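Read through the structure below, which is laid out as structure tokens, and then see the notes.
The values are calculated or read from the model by the stated rules, or taken from the named source; none is laboratory data. What you see is a predicted model, and the numbers here were worked out from it, not measured in a lab. Cβ atoms come from the backbone with ideal geometry, glycine included; neighbour counts cover every protein chain shown. SASA here: full protein model, heavy atoms, side chains in, ligands and nucleic acids out. Shrake-Rupley method; radii C 1.70, N 1.55, O 1.52, S 1.80 Å.
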Amino acid sequence: MTHEHANIPNEPEVPRPLLSHVIERNIRTITRLRLQTAHERTVQDRLADTITSFSGSMIFVYLHILWFGAWLLVNTGRVGIPPFDPFPYGLLTMIVSLEAIFLSTFVLISQNRFSDEADRRAELDLQIGLLAEHELTRVLQMLDAIQDKLGIENDADSELADLEMETRPEDVLAEIDRVHRQVKS
């Protein structure tokens, strides 16, 4: 038993269903693509991500507490060092303001990149959904043709007829807009 699996009890080996191979392949593909995207980041993106990650950590908070506390303590003159930034701490205010400007810029750079990645994933989801919808429409049309060939009477269900029609994304978006306008008014 290795250290990384020390807290996980041994489970008996169970045969995995066939679908698990497809799922595993998909997980490996998505993981490979994520690693590839991370590897393709520019030096500036890596720097921005590192700074953003550090500035979003508790160690960053603790370091600032120590820094501000030491700054204030030194500048009260009580520790035997002459104050170099007496109250109202103008130098400290300027340094903190500059830090805030740069940190917010790094955060925005990272967020923009994360947003681009999220847009790519949403586009992938949309394309897979459209492909699945197209395939299901074709399956329903084929089942309808088989039903006709076998002489089985078609159900007069209008919903089934609607499902057999090709769905166009622009029609769905127009319907979403129409319903949203109707609900808002």
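Remark: GLU117 falls outside the filter, which requires a residue to be loosely packed, with under 11 Cβ neighbours inside 10 Å, modelled with pLDDT under 95 and not small (Gly, Ala, Ser). Going through (1) of a type in the set (Ser, Thr, Tyr); (2) modelled with pLDDT of 95 or more; (3) farther than 30 Å from SER55 by Cα one by one, SER158 falls short only on (2). Give the number of residues within region 86-97 that are over 29 Å from LEU47 (Cβ atoms), open to solvent by less than 60 Å² (accessible area, probe 1.4 Å) and not hydroxyl-bearing (Ser, Thr, Tyr). Number of matching residues: 1. If the condition is being part of a helix (DSSP H, G or I), open to solvent by 60 Å² or more (accessible area, probe 1.4 Å) and either of a type in the set (D, E, K, R) or farther than 30 Å from PHE102 by Cβ (or both), then region 25-56 contributes ARG25, ASN26, ILE27, ARG28, ILE30, THR31, ARG32, LEU33, ARG34, ARG46.
Of all residues in region 127-144, those being open to solvent by less than 90 Å² (accessible area, probe 1.4 Å) and among the aliphatic types (A, V, I, L, M) number 4. Residue count for region 159-185 under the criterion of being open to solvent by 80 Å² or more (accessible area, probe 1.4 Å) and among the polar types (S, T, N, Q): the result is 2.
Okay, residues lined up against (1) touching a helix residue (DSSP H, G or I) at 6+ places or on another chain (Cβ under 6 Å); (2) of a type in the set (Ser, Thr, Tyr):
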| position | (1), (2) |
| --- | --- |
| GLU40 | no, no |
| ALA48 | yes, no |
| THR52 | yes, yes |
| VAL61 | no, no |
| HIS64 | no, no |
| ARG78 | no, no |
| ASP85 | yes, no |
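The set of residues in region 32-69 that are free of Cβ contacts under 8 Å to residues at least 40 places away in the same chain and of a type in the set (Lys, Arg) comprises ARG32, ARG34, ARG46. For region 98-114, a residue qualifies if it is of a type in the set (S, T, N, Q) and open to solvent by 60 Å² or more (accessible area, probe 1.4 Å), and the qualifying residues are THR105, GLN111, ASN112.
Going by the conditions given, is ILE81 open to solvent by 70 Å² or more (accessible area, probe 1.4 Å), modelled with pLDDT under 95 and among the β-branched types (Val, Ile, Thr)? Criteria met by ILE81.
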